[in-house]
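The values are calculated or read from the model by the stated rules, or taken from the named source; none is laboratory data. Bear in mind the structure is a predicted one, so any value in this text is a computation, not a measurement. We place every Cβ from the backbone using ideal geometry, glycine too, and count neighbours over all the protein chains shown.
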Amino acid sequence: MQPTRRRAGAWEWRCRNIRGIYVGALDQVVLSRAVFDTVSGSLGNDAGTAAGAGKPAISVIGLGYVGAVSMACLSHIGFRMVGVDVAHEKVRCIKEGRSPIVEARLEELLSDGVAKGRIDATQNLIAAVLETDVTFMSVGTPTSPDGGCDFTYVRQASRGIGQALAMKDGYHVVVLRCSVPPGTTLDVVVPEVEKASGKKLGQDFGVCFNPEFLREGVAVADFFAPPKTVVGTSDPRAAAVVSNIYKAVDENVIFTSIAAAEMVKYADNVWHATKVAFGNEIGRLCKRLDIDSHDVMNIFVKDLKLNLSPYYLKPGFAFGGSCLPKEVRAVSHIAHALGVRVPLVDSLTVSNHAHIDQAVALLAPFAGKRIGFLGLTFKPATDDLRESPTLELMSALLAKGETLRAYDPNLHLGPMLQGQIDYVKHACPAQAKLMDNLQAITVADAAALVEGSDVVVVSHATDEFRNAVMTRSPHIHVLDLARLFKDLPEDATYQGIAW
Ligand SMILES: NC(=O)c1ccc[n+]([C@@H]2O[C@H](COP(=O)([O-])OP(=O)(O)OC[C@H]3O[C@@H](n4cnc5c(N)ncnc54)[C@H](O)[C@@H]3O)[C@@H](O)[C@H]2O)c1
């Protein structure tokens, strides 16, 4: 190695070989002093002086929207950053403190980072990883021809990280920032890194999945005031490294499993897309009805109790009752009559039936057994049977010839119940057989229902039903439609409909 010239905050070295392994010459393999020190077994002093002492040096693979913003913002809070991209022009931009994309404040922070000697960039991935303690991966994950996720860039970058780790002695943390299907970090990234490095997850390196929630256009502002910071981790050591990186912008990092963190990103974006599509469908319908859609939605968003709130968002059983199914049908009907397309609204009933079908499928292994139902009304604390999805599930099972029994503390045998039964028979002829048998299959208490069943289906998360399930005989199975327990029982006889 021959030192060539000195630049602000970093020694640069022209290099063809690290420990005898050729590392390529994508941009003439310019390495900093820190690389040299790392290769020699310690982290460079430059990392400590150019950036805050004790802060890990961070490499960022992929200098697009996510990577460039990470470079700029993390350098701003004192980290020494080394960016990597296969695109020469992007590397040049970052090295010169210019923004490769249009993004408010990005160029200001990049040029400041370069001036302070905290930012460098290279096309040499291996060199960058060797120079740093943590590697953020933010390469593209486009849609593959079959509609899935194209892992080409993720695999290439992972292999490069692995090749670098093969030459590195210390512990390294790999942080995947790309939006990827659940399982990608552990099933794609880790095997590639382990194969190329010969090293072991947990022992030689840690992985985290840290989804990016920035919005283009206000990405820098979002970085410093994130809606949330989520980290899925392989082990506490990796978690500690990443939470230390983020503590200046978010002290309340949410730690979870890697797969949950991967899924959160998809759930977020599907939800955002759902909101946009929903608002637009309401807008199209309002336009046709000569109503100002912004008047409607400005009122809609004022409801922080039911509309913009966690309410209705936790997985459970299908929607039902006297309002939701009826009103969804009504809006579809109005729109169709006016020639307005509302495919999202139309899909809600289809989706709801798919959820009931899921319950039918989960009960298929219990064909011929005694199936007991705890809770018949469409939700707890009401005696309203109208459009209860539990009745639809029971009717489907009855049509298959299954033996059913039921208990609901709010339904009392007698003339009042008969009135409800007559109403349901009138409104929903498909449930007539169940309604004719309802009084006969209803038992007087939860314990009797549970002990007389081979499988119990629970549709209300009440203390009474929770206790009945917890004290049941061990051979009795449970299908939970209502999420009775926050922490799921480790019990082979228990399963939830969507957890
Ligand atoms: N753009 C956003 O607003 C946003 C927000 C959140 C999450 N994401 C996700 O983050 C990831 C990156 O998104 P983006 O918009 O920044 O992508 P991008 O396409 O703008 O940038 C990706 C960069 O990675 C580089 N690259 C590809 N393979 C490489 C390799 N092997 N080595 C080095 N560089 C390589 C490309 O040249 C490109 O510059 C994607 O998974 C995306 O879904 C994007």
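Before moving on, here are some points about what is shown:
- In this structure, GLU216 does not satisfy being over 20 Å from the mean Cα position of the chain (by Cα) and either surrounded by fewer than 23 Cβ atoms within 10 Å (Cβ to Cβ) or within 21 Å of ALA248 (Cβ to Cβ) (or both).
- Hits in the stretch 112-138 - residues which are touching a strand residue (DSSP E or B) at 6+ places or on another chain (Cβ under 6 Å) and within 22 Å of THR184 (Cα to Cα): LEU125, VAL129, VAL134, THR135, PHE136, MET137
- Test: CYS178 is part of a strand (DSSP E or B), assigned by TED's automatic domain parsing to the domain that holds ALA248 and surrounded by 19 or more Cβ atoms within 10 Å (Cβ to Cβ): no
- When restricted to residues that are of a type outside the set (D, E, K, R) and over 25 Å from VAL220 (Cβ atoms), the stretch 231-254 contains 6.
- Considering the stretch 272-292, the residues that are among the charged types (D, E, K, R) and part of a helix (DSSP H, G or I) include one that is surrounded by the most Cβ atoms within 10 Å (Cβ to Cβ), namely GLU281.
- The stretch 144-154: number of residues that are of a type in the set (Ser, Thr, Tyr) and either surrounded by 19 or more Cβ atoms within 10 Å (Cβ to Cβ) or more than 10 Å from the ligand (Cβ to nearest atom) (or both): 1
- Scanning the stretch 125-142 for residues that are more than 10 Å from the ligand (Cβ to nearest atom) and either outside the structural domain of THR185 (by TED's automatic domain parsing) or not small (Gly, Ala, Ser) (or both) yields a count of 9.
- Inspection of the stretch 374-386 identifies at least one residue that is of a type in the set (Ser, Thr, Tyr), buried (at least 19 other Cβ atoms within 10 Å of the Cβ) and touching a helix residue (DSSP H, G or I) at 6+ places or on another chain (Cβ under 9 Å).
- Residues satisfying the stated conditions in the stretch 383-439, i.e. under 18 Å from LEU324 (Cβ atoms) and in a helix (DSSP H, G or I): PRO389, THR390, LEU391, GLU392, LEU393, TYR423, VAL424, ALA427, GLN431
- Among the residues of the stretch 163-174, none qualifies, meaning not one is among the hydrophobic types (A, V, I, L, M, F, W, C), near the ligand (Cβ under 10 Å from one of its atoms) and at pLDDT 95 or above.
- Any hit, the stretch 152-159, residues being assigned to a loop (DSSP other than H, G, I, E, B), within 20 Å of VAL242 (Cβ to Cβ) and either of a type in the set (D, E, K, R) or touching a helix residue (DSSP H, G or I) at 6+ places or on another chain (Cβ under 6 Å) (or both): no
- ASP295 vs. criteria surrounded by 16 or more Cβ atoms within 10 Å (Cβ to Cβ) and of a type in the set (D, E, K, R): no
- Segments classed as strands (runs of 3 or more DSSP E), wholly inside the stretch 181-262, with at least 3 members that are away from the ligand (no atom under 13 Å from the Cβ) and in contact (Cβ under 8 Å) with a residue 40 or more places away in the chain: 205-209
- Residue that is nearest to TYR65 (Cα to Cα), among those in the stretch 100-124 that are part of a loop (DSSP other than H, G, I, E, B), within 14 Å of the ligand (Cβ to nearest atom) and over 28 Å from the mean Cα position of the chain (by Cα): PRO100
- Only one of the listed residues (GLY97, GLY78) is surrounded by fewer than 17 Cβ atoms within 10 Å (Cβ to Cβ), on the phi > 0 side of the Ramachandran plot and more than 9 Å from the ligand (Cβ to nearest atom). That residue is GLY78.
Yes/no per residue for (1) at pLDDT 95 or above; (2) outside any helix (DSSP H, G or I); (3) in the same structural domain as LEU393 (by TED's automatic domain parsing); (4) among the charged types (D, E, K, R):
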| residue | (1), (2), (3), (4) |
| --- | --- |
| PHE319 | yes, yes, no, no |
| LYS326 | yes, no, no, yes |
| HIS333 | yes, no, no, no |
| ILE371 | yes, yes, yes, no |
